[in-house]
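Trainee: I have a structure here, written as C-alpha cells, and I will follow up with some questions on it.
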Amino acid sequence: MQNFRLLFCVLAFFIVVAAQAQPNGEIQNSLVRITSTESEPDYRAPWNSGMIGRAVGAGFIIDGQRIMTNAHVVSNSRYLTVEHEGDPNKYPATVQFVAHDCDLALLQVQNPNFWKSMKPLQFGGIPALESTVSAYGYPIGGERMSVTTGIVSRIDFNLYTHSAIDSHLAVQISAQINPGNSGGPVLQNGQVVGVAFQGYSGDVAQGVAYMIPTPVIRRFLKDIEDGHYDRYVDLGITYFKLQNPAQRHYLGLKDDDRGVLVGTVIQAGPCAKALQQGDVLLAIDGHPIASDAFVEYEGERVQMPEVVERKFKGDSVKLDIWRNKQPITASVTLGTVWPYLMQGHSYDIRPRYVLYGGLLFQPMSLDLLEAYRISDLRIRHYFDFFVSDQLYLKHPEVIILTNILPDPTNTYLTPFRDSIVDEINGKKIGTLQDLARAFEQPADRFVVKMIGDGPPLVLDPKKVEEARERIKTRYNVPVEQNLDEQPPSRPAVASRGSI
C-alpha cells in the first residue's frame, strides 16, 4: 500500500512538472508554417512583374477554420502553402482578409484534410508588465517548431513598420523574435495574448521584440465581420500638449491640466468642418483629455488616439472644444484620411505609371522614393509636407519624371529627371490620369512645365508616335501605362478584403 502511495505521488509530481513545462498545451496542433512565393513590384521598370522570392513565417488556427498571421508574411504573394507538424503535406492557402495598417491577415485552406487534427486557439487579454509569455514560430526558416520565453517589458503606442505610417498599441517583450517567428502566436496560460510581428537588434537595441496585442486583433476581426476590411479611422489632426502655464493663461484655460492644442486640421479628414487651428480639445467622447494628451479609458490611462482606435468607419465621436475662450461641442463621423497613404508602404498592387516618348512618369510614394533613392530637395519637401502643409489640395498626386529610356526623340532631356510635372499645354496636372489625358489630346507639340523656375520640356507628338514601337521593342515594354492600382493575379479561390 505504501509503495502504491509512493508511486502515486511520483506520478502526480511528474504530471505537475509536465504541466508546468507545457503551460500552453499542445500548441503544435494549432501552429502552422507558412511559405510564401512572392513578387516584389519593380518601380524602376513598372511594366515588369518583379523579382520572385521566397519567405517563411508562422500562423495559428482561430475559430471558423481560419489561420491568423501577419500581413507582411503574405504581402505581394503569388502562391501560399501551409503545413503543420505531424503532416508531411503542404496545403495551398489563399488570403481571405489582409490589414496592412495593423499587419494582420487571415488565410483559408480549402482541403478538409488539413483541418482534421487542428485546434483553434482562444484569445486572452493584455498581459501584465513583468509577466512571462512564450512566442512560437519557425525562426530562420527552420522546419520544426521553436519556442522562446520572455517577459513583458512595455505596453505603449508604437510604429508598425510594415506600413511605416501607422502607430497602434504594441507590447514589448524580451523573447527573441527572428525571421520565421512573424505571425506566430504569443501565449500566456494557454491563450493568445499577441501576434509576434517585429523586432530590433544591433548596438542601440538588443533583444527588443514586439507583439500585436489582442485589442488590435479583436478590432481587426470585428472590422471584417461585414465581409470587408475598412482600415483604421483617424481624426486627421495634429495637436500639441498644453502643459506650459503661460500658454494656458494666454488661451484662457484654467489651471486644471486639461486640453491639447489643435495644430493642422487636414481638409481631407473628418474634422475639417468641426475643428479649427488653435482650438483646444478638452474631452473626447466624454473622456477628459489631460494636458499631456492622455485620457482615462476603460480603467487605464492611454493616449488620446486610443479612443479613436477602437472605433470604425462611420462611427461618430463627440468633441468638447475650447474656441475663442468659449466652450462648444461637435460630433464628427470618422473615416480614413487618404493623403496619409502616400507616405506609407503599399502592397499587393502594381505600380502606376505612364510611359510617353521614353519618358517615365510616376506618382510620388514612399516605395517610389526608396526604389530610386531620390534625394532631390523639392521632391523631399513635397513628400515630407504633403499632408501637414496640405499640398495634396493642389496636387492630389505628385507626378514625377523618374526615368528616361534613351531614344533619339528624347535626347538632351536628362536634366529634367526627378522633376515634378506642373502643367501640360497650360493645363494643371493633379493626377496621373490628368497626365495621360493631356498626352492624348491632339496638339502640334506638348509643352511640359515643371515645378520651379527651369525651362519647359517640349515633345513633338509625331516624333513620339514614330518612336513608340521602337522604344517598346528595345526596352521590352509590353504596356505603356497602368493608371489603376490593380492587384496581381491570385489562385482561383476568391479573396476578400483589401487584397
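Trainee: Could you tell me which residue of the stretch 358-413 is surrounded by the fewest Cβ atoms within 10 Å (Cβ to Cβ), considering only residues that are in a loop (DSSP other than H, G, I, E, B) and of a type in the set (Lys, Arg)?
Mentor: Filtering the stretch 358-413 for residues in a loop (DSSP other than H, G, I, E, B) gives 358, 364-365, 373-376, 385-390, 394-398, 405-407, 411-413.
Now drop any that are not of a type in the set (Lys, Arg), which leaves 373, 394.
Numbers: Arg373: 6, Lys394: 10.
Filtering the stretch 358-413 for residues that are in a loop (DSSP other than H, G, I, E, B) and of a type in the set (Lys, Arg), the one surrounded by the fewest Cβ atoms within 10 Å (Cβ to Cβ) comes out as Arg373.
Trainee: Residue pairs, Cβ under 6 Å, 6 or more apart or interchain, first in the stretch 71-86 and within 17 Å of Phe197 (Cβ to Cβ), second assigned to a strand (DSSP E or B) and among the β-branched types (Val, Ile, Thr). List them.
Mentor: Once the first residue is within 17 Å of Phe197 (Cβ to Cβ) and sits in the stretch 71-86, its partners that are assigned to a strand (DSSP E or B) and among the β-branched types (Val, Ile, Thr) give Ala71/Val98; Val73/Ile34; Val74/Val95.
Trainee: Something else about it: Does the stretch 112-137 hold any residues that are over 30 Å from the mean Cα position of the chain (by Cα) and of a type in the set (S, T, N, Q), and which are they?
Mentor: Selection gives Asn113, Ser117.
Trainee: Got a sec? Which strands (runs of 3 or more DSSP E) wholly within the stretch 147-254 have at least 2 residues that are under 26 Å from Val332 (Cα atoms)?
Mentor: Working: elements: 166-173, 185-188, 191-200, 208-213, 237-241.
Passing ranges, in order: 166-173, 237-241.
Trainee: Okay, next question. So, in the stretch 414-454, how many residues would count as being at pLDDT 95 or above and either touching a Ser or Thr at 6+ places or on another chain (Cβ under 6 Å) or part of a loop (DSSP other than H, G, I, E, B) (or both)?
Mentor: Residues flagged as at pLDDT 95 or above and either touching a Ser or Thr at 6+ places or on another chain (Cβ under 6 Å) or part of a loop (DSSP other than H, G, I, E, B) (or both) within the stretch 414-454 amount to 14.
Trainee: Is it the case that Glu300 is at pLDDT below 95, among the charged types (D, E, K, R) and under 18 Å from Tyr239 (Cα atoms)? It would help to see each step written out before you state the result.
Mentor: Details: at pLDDT below 95: yes; among the charged types (D, E, K, R): yes; under 18 Å from Tyr239 (Cα atoms): no.
No.
Trainee: Here is a follow-up. Could you grab the pairs with beta carbons closer than 6 Å, sequence gap of 6+ or different chains, first residue in the stretch 240-259 and in the same structural domain as Gly278 (by TED's automatic domain parsing), second one of a type in the set (Asp, Glu) and not in a strand (DSSP E or B)?
Mentor: Lys241/Asp292
Trainee: Continuing with the same structure: Does the stretch 336-352 contain any residue that is assigned to a helix (DSSP H, G or I), among the polar types (S, T, N, Q) and touching a Phe, Trp or Tyr at 6+ places or on another chain (Cβ under 9 Å)? Break it down into steps so the answer makes sense when it comes.
Mentor: Taking the stretch 336-352 as the starting set, the residues that turn out to be assigned to a helix (DSSP H, G or I) are 338-343.
Imposing the further condition that a residue be among the polar types (S, T, N, Q) reduces the set to 343.
Now restrict to residues that are touching a Phe, Trp or Tyr at 6+ places or on another chain (Cβ under 9 Å): 343.
Looking for residues that are assigned to a helix (DSSP H, G or I), among the polar types (S, T, N, Q) and touching a Phe, Trp or Tyr at 6+ places or on another chain (Cβ under 9 Å), one finds at least one in the stretch 336-352, hence yes.
Trainee: Quick check on my filter: what residues within the stretch 146-160 are within 20 Å of His72 (Cα to Cα), surrounded by 15 or more Cβ atoms within 10 Å (Cβ to Cβ) and in contact with an Asp or Glu (Cβ under 9 Å, 6 or more places away or on another chain)?
Mentor: Passing the criteria: only Tyr160.
Trainee: How many residues does the stretch 437-465 hold that are farther than 30 Å from Gly50 by Cβ and exposed (fewer than 13 other Cβ atoms within 10 Å of the Cβ)?
Mentor: 10
Trainee: Run Pro288 past the list (1) crowded, with 16+ Cβ neighbours inside 10 Å; (2) in contact with a strand residue (DSSP E or B) (Cβ under 6 Å, 6 or more places away or on another chain) and report the number of the one that doesn't hold.
Mentor: Against the list (1) crowded, with 16+ Cβ neighbours inside 10 Å; (2) in contact with a strand residue (DSSP E or B) (Cβ under 6 Å, 6 or more places away or on another chain), Pro288 comes up short only on (1).
Trainee: Follow-up. I'm checking my understanding of the structure. Among residues of the stretch 176-191 that are surrounded by fewer than 24 Cβ atoms within 10 Å (Cβ to Cβ) and touching a strand residue (DSSP E or B) at 6+ places or on another chain (Cβ under 9 Å), which one is nearest to Asn29 (Cα to Cα)?
Mentor: Gln191
Trainee: Further, regarding this structure: In contact with a strand residue (DSSP E or B) (Cβ under 8 Å, 6 or more places away or on another chain) and at pLDDT below 90 - does that describe any residue in the stretch 212-222?
Mentor: no
Trainee: How do the pairs read when you match residues in the stretch 298-327 that are free of Cβ contacts under 8 Å to residues at least 60 places away in the same chain with residues anywhere that are charged (D, E, K, R) and in a strand (DSSP E or B), using Cβ under 7 Å and keeping only pairs 6 or more apart or on different chains?
Mentor: Pro327/Asp320
Trainee: Out of curiosity, is Ile404 within 29 Å of the chain's Cα centre (by Cα), modelled with pLDDT of 95 or more and within 19 Å of Pro455 (Cβ to Cβ)?
Mentor: Values: within 29 Å of the chain's Cα centre (by Cα): no; modelled with pLDDT of 95 or more: yes; within 19 Å of Pro455 (Cβ to Cβ): yes.
No.
Trainee: Follow-up. Identify all residues within the stretch 108-119 that are part of a loop (DSSP other than H, G, I, E, B), in contact with a strand residue (DSSP E or B) (Cβ under 9 Å, 6 or more places away or on another chain) and closer than 17 Å to Ala93 by Cα; write none if there are none. Spell out how you get there, then give the answer.
Mentor: Step one: list which residues in the stretch 108-119 are part of a loop (DSSP other than H, G, I, E, B), which gives 109-111, 116-119.
From the residues that got through so far, the ones that are in contact with a strand residue (DSSP E or B) (Cβ under 9 Å, 6 or more places away or on another chain) too are 109-111, 118-119.
Val109, Gln110, Asn111, Met118 - these are the residues of the stretch 108-119 that are part of a loop (DSSP other than H, G, I, E, B), in contact with a strand residue (DSSP E or B) (Cβ under 9 Å, 6 or more places away or on another chain) and closer than 17 Å to Ala93 by Cα.
Trainee: Out of all the residues in the stretch 36-59, which are of a type in the set (S, T, N, Q) and under 21 Å from the mean Cα position of the chain (by Cα)?
Mentor: Taking the stretch 36-59 as the starting set, the residues that turn out to be of a type in the set (S, T, N, Q) are 36-37, 39, 48-49.
Once the filter is applied, which keeps residues that are of a type in the set (S, T, N, Q) and under 21 Å from the mean Cα position of the chain (by Cα), the stretch 36-59 yields Ser36, Thr37, Ser39.
The values are calculated or read from the model by the stated rules, or taken from the named source; none is laboratory data. Keep in mind that this is a model prediction, so the values were computed, not measured. Heads up, the Cβs are rebuilt from the backbone with ideal geometry, glycines too, and the neighbour counts pull from every protein chain shown.
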